[in-house]
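I have placed the structure first, in the form of structure tokens, so that the comments after it can refer back to it.
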Amino acid sequence: MMTSSDLVREHERLDELHRNGYVIIQDPARFCFGMDAVLLSGFAQAKKGNRVLDLGTGTGIIPILMEAKTGAEDFTALEIQEESADMARRSVRYNHLEEKIRIVTGDIRDATKLFGASSFDIVTTNPPYMIDAHGLGSATEAKAIARHEVCCTLDDVLRESASLLVPGGRFYMVHRPFRLAEILSKMVAYRLEPKRMKLVYPYIDREPNMVLLEGLKGGKSRMTVEKPLIVYKEQGVYTDEIYDIYGY
């Protein structure tokens, strides 16, 4: 019988998620999840009976946190890098979530072929933010795929999400404000009507560096801009809202 210690490789670490006693397996040499994924898991909404898909799941952070934070119990997560998908599967097993979370290795661009159109009520994604990958070599390939549009573009993510969602399904994404005009126009073009937006500021007197978005498949044009989320009160001290999202 495989024990918990058998699931973690020598070069990997276990990070606590401060939710339901859950942990996640990560490799410090590869791309590790950041605050953007945690904030998306707090912004996205799902309820019991919803079928949820996370596109580009990495090591599975978003479905694991959403299982802890929402009523949903049916999660699928798609990841193109087998090493990351393998870590995600082992984290799911470590947390005894095999009956609720399924990790699939595959390409976002083929998601509809893999799962079928109108297969999910909720789609979440923390996609690559950067458009180019100049100067990135093989040594940083895992991080490059996570950060840059190497394996999929914004259009790929939005097209597949729109196809995968049922009519009235919800789309949740975290991205960067510098691409906001492009993101909103393309969401509308793919009939993922923007319904909620929240800007995230590192400090109250700085420019926003993240944006959280909700889209409604086939929705009418009306968007709520929610109050901003401020990350730090001062250097090294989170605001109460961030502590609450993290579960501290």
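Looking only at region 94-107, residues that are within 15 Å of Asn20 (Cβ to Cβ) and either buried (at least 19 other Cβ atoms within 10 Å of the Cβ) or in contact with a Leu (Cβ under 9 Å, 6 or more places away or on another chain) (or both) come to 4 in all.
When you go through (1) closer than 21 Å to Leu164 by Cβ; (2) buried (at least 22 other Cβ atoms within 10 Å of the Cβ); (3) modelled with pLDDT of 95 or more one by one for Ser91, which number turns out not to apply? Against the list (1) closer than 21 Å to Leu164 by Cβ; (2) buried (at least 22 other Cβ atoms within 10 Å of the Cβ); (3) modelled with pLDDT of 95 or more, Ser91 comes up short only on (1).
Tell me yes or no: at least one residue of region 192-214 is touching a Lys or Arg at 6+ places or on another chain (Cβ under 8 Å), without any contact (Cβ under 8 Å) to a residue 60 or more places away in the chain and of a type in the set (Ser, Thr, Tyr). Show your work before the answer.
Here is the first cut: in region 192-214, the ones touching a Lys or Arg at 6+ places or on another chain (Cβ under 8 Å) are 192-193, 195, 198, 209-214.
Adding the requirement that they be without any contact (Cβ under 8 Å) to a residue 60 or more places away in the chain leaves 192-193, 195, 209, 211, 213.
Of the ones still in play, those that are also of a type in the set (Ser, Thr, Tyr) are none.
Scanning region 192-214 turns up no residue that is touching a Lys or Arg at 6+ places or on another chain (Cβ under 8 Å), without any contact (Cβ under 8 Å) to a residue 60 or more places away in the chain and of a type in the set (Ser, Thr, Tyr).
Can you say whether Pro177 is on the phi < 0 side of the Ramachandran plot and over 17 Å from the mean Cα position of the chain (by Cα), as far as the supplied structure shows? Taking the combined requirement at face value, the residue does not satisfy it. Of Gly236, Gly168, all but one fail to be under 23 Å from Asp54 (Cβ atoms) and not β-branched (Val, Ile, Thr); the exception is Gly168.
Residue-wise test of (1) among the small types (Gly, Ala, Ser); (2) in contact (Cβ under 8 Å) with a residue 60 or more places away in the chain; (3) under 20 Å from Asp107 (Cβ atoms); (4) out of contact with any helix residue (DSSP H, G or I) (no Cβ under 6 Å at 6 or more places or on another chain).
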site: Leu7; (1), (2), (3), (4): no, yes, no, no
site: Arg19; (1), (2), (3), (4): no, yes, no, no
site: Phe31; (1), (2), (3), (4): no, yes, yes, no
site: Asp36; (1), (2), (3), (4): no, yes, no, yes
site: Val52; (1), (2), (3), (4): no, yes, yes, yes
site: Thr59; (1), (2), (3), (4): no, no, yes, no
site: Ile62; (1), (2), (3), (4): no, yes, yes, no
site: Ile80; (1), (2), (3), (4): no, yes, yes, yes
site: Ser91; (1), (2), (3), (4): yes, yes, no, yes
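Scanning region 108-127 for residues that are surrounded by fewer than 16 Cβ atoms within 10 Å (Cβ to Cβ) and either basic (Lys, Arg) or within 29 Å of Leu180 (Cβ to Cβ) (or both) yields Asp110, Lys113, Ala117, Ser118. Of all residues in region 58-80, at least one satisfies being of a type in the set (Ser, Thr, Tyr), crowded, with 20+ Cβ neighbours inside 10 Å and modelled with pLDDT under 95.
Does Gly247 satisfy the condition of being in contact with a Lys or Arg (Cβ under 9 Å, 6 or more places away or on another chain), surrounded by fewer than 18 Cβ atoms within 10 Å (Cβ to Cβ), in contact (Cβ under 8 Å) with a residue 12 or more places away in the chain and not charged (D, E, K, R)? Spell out how you get there, then give the answer.
Details: in contact with a Lys or Arg (Cβ under 9 Å, 6 or more places away or on another chain): yes; surrounded by fewer than 18 Cβ atoms within 10 Å (Cβ to Cβ): yes; in contact (Cβ under 8 Å) with a residue 12 or more places away in the chain: yes; not charged (D, E, K, R): yes.
For Gly247, the condition - in contact with a Lys or Arg (Cβ under 9 Å, 6 or more places away or on another chain), surrounded by fewer than 18 Cβ atoms within 10 Å (Cβ to Cβ), in contact (Cβ under 8 Å) with a residue 12 or more places away in the chain and not charged (D, E, K, R) - is met.
For region 225-248, the set of residues classified as under 17 Å from Pro177 (Cβ atoms) and either in contact with a Cys (Cβ under 6 Å, 6 or more places away or on another chain) or among the β-branched types (Val, Ile, Thr) (or both) consists of Val225, Ile230, Val231, listed by residue number. Residue check: Pro127 meets all listed conditions (1) closer than 20 Å to Lys217 by Cβ; (2) modelled with pLDDT of 95 or more but one, namely (2).
Considering each residue of region 27-54, count those that are of a type in the set (A, V, I, L, M) and surrounded by fewer than 19 Cβ atoms within 10 Å (Cβ to Cβ), and give that number.
Kept after step one, since they are of a type in the set (A, V, I, L, M), are these residues of region 27-54: 29, 35, 37-40, 44, 46, 52-53.
Add one more test, that the residue is surrounded by fewer than 19 Cβ atoms within 10 Å (Cβ to Cβ), and what stays is 29, 35.
Number satisfying all stated conditions: 2.
The values are calculated or read from the model by the stated rules, or taken from the named source; none is laboratory data. The structure presented is a predicted model; accordingly, all values stated were derived computationally and were not measured. Don't worry about glycine lacking a Cβ; one is built from the backbone with ideal geometry, like all the others, and counts go over all protein chains shown.
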